[in-house]
1. Which helices (runs of 4 or more DSSP H) sit wholly inside the range 197-313 and have at least 3 residues that are more than 30 Å from L6 (Cβ to Cβ)?
2. Using the structure shown, decide if A41 is assigned by TED's automatic domain parsing to the domain that holds V165, in contact (Cβ under 8 Å) with a residue 40 or more places away in the chain and touching a Gly at 6+ places or on another chain (Cβ under 6 Å).
3. How many residues does the range 358-376 contain that are assigned to a helix (DSSP H, G or I) and over 32 Å from the mean Cα position of the chain (by Cα)?
4. List every residue pair whose Cβ atoms sit under 9 Å apart, with the two residues 6 or more apart in sequence or on different chains, where the first one lies in the range 100-122 and is farther than 24 Å from G77 by Cα and charged (D, E, K, R) and the second, anywhere, is at pLDDT 95 or above and not in a loop (DSSP other than H, G, I, E, B).
5. Return the residue satisfying two criteria in turn: it lies in the range 159-170 and is within 10 Å of the ligand (Cβ to nearest atom) and among the small types (G, A, S), and of such residues it is nearest to G187 (Cα to Cα).
6. Checking S167 against (1) closer than 23 Å to V211 by Cβ; (2) in contact (Cβ under 8 Å) with a residue 40 or more places away in the chain; (3) of a type outside the set (A, V, I, L, M, F, W, C), which test does it fail?
7. Answer yes or no as to whether L308 is touching a Phe, Trp or Tyr at 6+ places or on another chain (Cβ under 9 Å), buried (at least 18 other Cβ atoms within 10 Å of the Cβ) and either hydrophobic (A, V, I, L, M, F, W, C) or at positive phi (or both).
8. Name the one entry in S167, S188, S171 that is touching a Pro at 6+ places or on another chain (Cβ under 9 Å), among the hydroxyl-bearing types (S, T, Y) and within 21 Å of E256 (Cβ to Cβ).
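The values are calculated or read from the model by the stated rules, or taken from the named source; none is laboratory data. Keep in mind it's a predicted model, so treat the numbers as computed, not measured. All Cβ positions, even for glycine, are placed from backbone atoms using ideal geometry, and neighbour counts span all protein chains on display.
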Amino acid sequence: MLKHYLLTPGPTPVPSEALLAMAKPIIHHRTPQFKEVLKQAVESLRYMFQTKNDVFIFASSGTGAMESSVSNLLSAGDKALVIRGGKFGERFAEICQSYGVIPINIDVEWGEAVDPLQVEKILNENKDIKAVYATLCETSTAVVSDIKAIGEIVSKTDAVLVVDVISSLGSVVFKTDDWKVDVAIGGSQKGLMVPPGLAFITVSAKAMKMVESSTLPKYYFSYKAAKKSVDKDDTPWTPAVSLIIGLVEALKMIKEETLEGALLRQKRMAEATRSAAKALGLELLAPLAASDAVTAIKLPDKIDGVKLVKTMRDIYGVGIAGGQAQLKGKIIRIASMGFMTQWDTIVAISCLEIVLKQMGYDVEFGSGIKAAEEVFSK
Ligand SMILES: *Cc1c(COP(=O)(O)O)cnc(C)c1O
């Protein structure tokens, strides 16, 4: 028998409170009962995003909301500054290109964070840039960027700042309004403890004004349609009723723990993971800008990362992620986001020690665990 543990940076485990709520018979969405659910969901999401702006809920994965932030704000031929330091930054540039928007890319070494001054420099040189696309936690490299500093810079220009916080929401400190972020994008299956299938987007007044002049095609993901509905506690199309009911339950749990409490719990897990990696003689991919939602650990050349991840998952039931694109086989990523506690971290590190040893890496059993326990006992 295998008992499965899920420590991937999305999807993440879903608490039984949310699972059971989603198993209830479906209710119709044009009813006072569902309006109440939607109202609660939007209120709780405002808390997660730390914003007073509107929050729209889409029935899509996070990428749908990323796409909407191009199609609703911009027009063909517009310029957008895109910070590319990994898979997800690259996705923004690809979306821009598919819509005929011209991306001006800042290419950041994978494993490093962007220098906000570089953003300032490019904005100064290109006054016609309409939007800046950034990622708070670049999940492919486990890097966090200084969005607060970037927000300060972009807010002084006519451009809007769009930030992908899909893997950060509820897991990494983020403040939409305080940090002057115009558009923030979240997803259900990372830190929010809900299955995949929902995307969230919050839009500032400055960004809503840009929607007026955007001529790119949009229909399903129209912010105008979403705004008209959300003002009436409604959605333009049939919402993902069960997922939204699950979301309300999951966010109730975060509110009970408080956002600060949840962030601290995950920070300790990430610290323990980083500390264990070092104790095992392994290097971090992002030692200087490490995310508390996920940790990327470099593997020694002789260790095949694809095989390591497969063995941990299929032989031992412990799911972690490998590297993407050029990092495939070279790193592993262990999440500390969402419905996880320190005991999940201990399981992952223990399993990692065993499989590394089996693959021929010199492991002193317990050294990673010891380092983690030292963090947890503080
Ligand atoms: C998971 C993730 C996404 C979106 O992915 P979907 O598969 O569309 O949900 C986007 N950006 C980041 C940073 C992510 O971690």
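1. Where helices (runs of 4 or more DSSP H) fall fully within the range 197-313 and carry at least 3 residues being more than 30 Å from L6 (Cβ to Cβ), they are 205-213, 223-230.
2. Answer is no for this residue.
3. So the count comes out to 1.
4. Correct list of pairs: E112/V143; D115/I106.
5. So the residue we want is S167.
6. Failed condition: (1).
7. So L308 does not fit the description; no.
8. From the options S167, S188, S171, the qualifying one is S188.
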